[in-house]
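Presented below is the structure to which this report refers.
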Amino acid sequence: MKTRRSRLVKSLVAAGLVTAAGCGRGADDQAAVTAGSGGSMGSSDAGSETTGSGGELDAAPDSQAAICAPFRLEFGSGCDACPPIACKSGTGPPDADICLAVLGDLNRCPSGLCLTSLDCSPICQQADADVQELVKQLNALRWCIAERPCKMDADCGSGRCVGEMDPGGGLCRLGTDGSVCRDGSDCLNGSCVTSELGHSGLCTDRSVSALCYRDNDCASNWCLIWTKTTAGIDVGVCTSGNLGEPCVAATDCRTGISCISLSGPGTYGQCYAGEAGEPCAKPSDCQNGICLFNEGAVIGFCSNPM
């Protein structure tokens, strides 16, 4: 078993997925386990159906069940205070160490329910396989944790079930700002922003700097359009034209406030009052009419009279 564990450790390290790991709890092999550069995972609310270096995984609900069943995932209720992970094993010795190594700082609650127990034996069984197969299994596990199928919101703890009316059901999402949504019911705050061509959008609080496509996406009723998506759709951020808020031109700021971009005129910037020490592009941007520039600089700073 020690030899088998050693092979798995070498494979994990070679794949850059962990820095040390053990498969089981052998007395001579109690290495500390920490996640490597490939062992962490953030929120999956971008909705990707790929797993990265291990290749694509079929995201259809029926195939997902077959992919995820070997891991015997169990989830608790809600995301508050996730309990310590429990590791099961379908065959062979307990795989607690490798569970910890695989999880690392993995987000155990990406969809409203906390992962409380899993079986890592499908990964331990890859000790004799090549690194590509090992990476595929690791990516499958992370995908199964993130993409939890659902039929109703109640299946998602504190989150929301997005796409529950689809023939194959939906997927759990957190429902917080930045989560994928289709309408307001998919968001905890009831606000889902979508483009006119989009099948899905993002939950937003509609505050200043929040994503928007049109004025009524914003609490201020002012969407500052400043770029286009790859599909040619106008997209911007919410603003109200007050100090410190986003702007592209002076007309995007309240009267008496200038729009200054630290990257130069015509690019995304902020509204400034022109007080001493604040950035400026010309003397009229400053309250006292003095804008000083360092040699070669495009943006200067407002100054008091000498």
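Summary table
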read-out: Cβ crowding within 10 Å averaged over residues, with 73-83, 203-213 ranked highest first; value: 203-213, 73-83
read-out: Cut-off 15 Å, label 7 Å out along Cα→Cβ of Thr229, residues of the range 190-208 by amide N; value: 192-204
read-out: Long-range amide H partners of Leu202 with built H, under 5 Å; value: Cys181, Val193
read-out: Protection proxy ranking of 162-168, 139-145, 255-261 - average other beta-carbon atoms within 10 Å, highest first; value: 139-145, 255-261, 162-168
read-out: Estimated FRET transfer efficiency when R0 is 22 angstrom, pair Glu275-Glu295 (beta carbons, to 0.05); value: 0.40
read-out: Zone residues, the range 252-291, relative to Ser209, backbone N less than 14 Å from point 7 Å out along Cα-to-Cβ; value: 269-271
read-out: ³J(HN,Hα), Karplus 6.51/-1.76/1.60, whole Hz, each residue of the range 201-208, x for Gly, Pro; value: x, 10, 5, 8, 8, 6, 8, 4
read-out: Interchain or long-range residues, amide H under 5 Å from Lys88's placed H; value: Leu118, Asp119, Cys120
read-out: Förster radius 25 Å - calculated FRET efficiency between Asp166 and Asn189 (Cβ-Cβ, nearest 0.05); value: 0.60
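Each value in this text was obtained by applying a stated rule to the coordinates, not by laboratory testing. Predicted model, so just to flag it, every value in this text is computed and none were measured. Cβ sites come from the backbone with ideal geometry, for glycine too, and all protein chains shown count toward neighbours.
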